[in-house]
1. In Å and on Cα atoms, what radius of gyration and Dmax does the range 325-398 show?
2. Calculate the translational D of the range 185-289 in whole µm² s⁻¹ from Stokes-Einstein, where the hydrodynamic radius comes from the Kirkwood formula applied to all Cα pairs, the temperature is 4 °C and the viscosity 1.567 mPa s.
3. Between residue 385 and residue 141, take the C-beta separation as r, use R0 = 25 Å, and let me know the FRET efficiency to the nearest 0.05.
4. Arrange the following residues from fewest to most other Cβ atoms within 10 Å of their Cβ: 359, 82.
5. Provide Rg over Rh for the range 216-373; use the alpha carbon set for both Rg and the Kirkwood Rh (inverse mean inverse pair distance).
6. Counting other beta carbons within 10 Å of each Cβ, put 225, 377 in order, fewest first.
7. Rounded to a whole number of µm²/s, how large is the Stokes-Einstein D of the range 103-145 at 20 °C and 1.002 mPa s, given Rh as the Kirkwood radius over C-alpha pairs?
8. For residue 98, put the label point 7 Å out on the Cα→Cβ axis and report which residues of the range 64-87 keep their amide N under 16 Å from it.
Ligand SMILES: [Zn+2]
């Protein structure tokens, strides 16, 4: 994995030389997908064993982004490219090691550039995930609101038919125009509409950058490189080797510099500083292996805990796979039609207040709606099965 190839000289195989640099972004996308899956799904299957609250799941995108930032930064500092790029010996020209990199100013500038590059590298997938999630939630919210509005209009029409009053105060209309609800709706529907367009445009710009780069018209291989204004180049075998040698020399220099600086101080501090520097070099050298080890250990933990859970489940059902209870059949002629969203009450067609189940059929309504209905009609409003007040039970989400 650590591509330090001191053995064998000469150019790399031609296939590598001709391999489109576009393979690196695919590998990087794979890395960020892997981290997202690990934190969002794999980790979820065993995290509840040690974490008392599921709150971390809300931040799983952030955790994945932080991990991605760490692995990208370490790789950029060591090899000048992200994890995927360094596998193809692709490096940002500004981040390549130079003999003067050992000076404090040079090192600080390099660290700043690497941080910026890692930030931009991680921001893309993070924003994409976050916006996709937000868009999904916004779509659901809008559809629920639309259904509520439709049922309110229907009710309004019914009431109008009964008692027509032509007067609506202009103040009331204006208030509705500027209500918070409307602003929220406008923002969310804007997000739902613009997100696919923005994503498409970013993709187009990315493809455009790649085509220009392949044609030799630009030194920015992808949208990401174009954003951070960092030209990239693919290192030859010799250049890669030279970078490795230079890194070794710079490390030895840093180590001896450290020993000198700490020569007067207490021995334990010198020992700790040296261990810290060696630890940093270790993390740099085994970055890809650590990433792989992290992924494997997460997978292993998931497997371990899921096996335990399966065993517990098997023991509790004594080897039988119980079928789900039969679904109650709605009465299509006399019963109410179910609303499209499960969040709405079938009787009042609004968000369920005090969700309450009618135990004979299993449908859930507002407490008030179902209690009044059962008192009056003595049956389930959807299936028309006989029911009494004793069948009305509060739902406990434990
Ligand atoms: Zn209701």
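Only the coordinates and a few stated rules stand behind these numbers; no lab work does. Bear in mind that the values here come from a model prediction, so they are computed numbers and not experimental data. Here the Cβ is made from the backbone with ideal geometry for all residues, glycine too, and neighbour counts use every protein chain on show.
1. Looking at the range 325-398, its Cα Rg and Dmax stand at 11.3, 36 Å.
2. Values: Rh = 18.5 Å.
Value of D from the Cα-based Kirkwood radius: 70 µm²/s.
3. Numbers: r = 33 Å, r/R0 = 1.32.
So the FRET efficiency works out to roughly 0.15.
4. Numbers: 359 13, 82 28.
If I rank by nearby Cβ atoms, fewest first, I get 359, 82.
5. Details: Rg = 33.0 Å, Rh = 24.7 Å.
Here Rg/Rh amounts to 1.34.
6. On the way: 225 24, 377 12.
Sorted ascending by nearby Cβ count, the order is 377, 225.
7. On the way: Rh = 12.9 Å.
It diffuses with D of about 167 µm²/s by this estimate.
8. Only 80 pass the distance filter.
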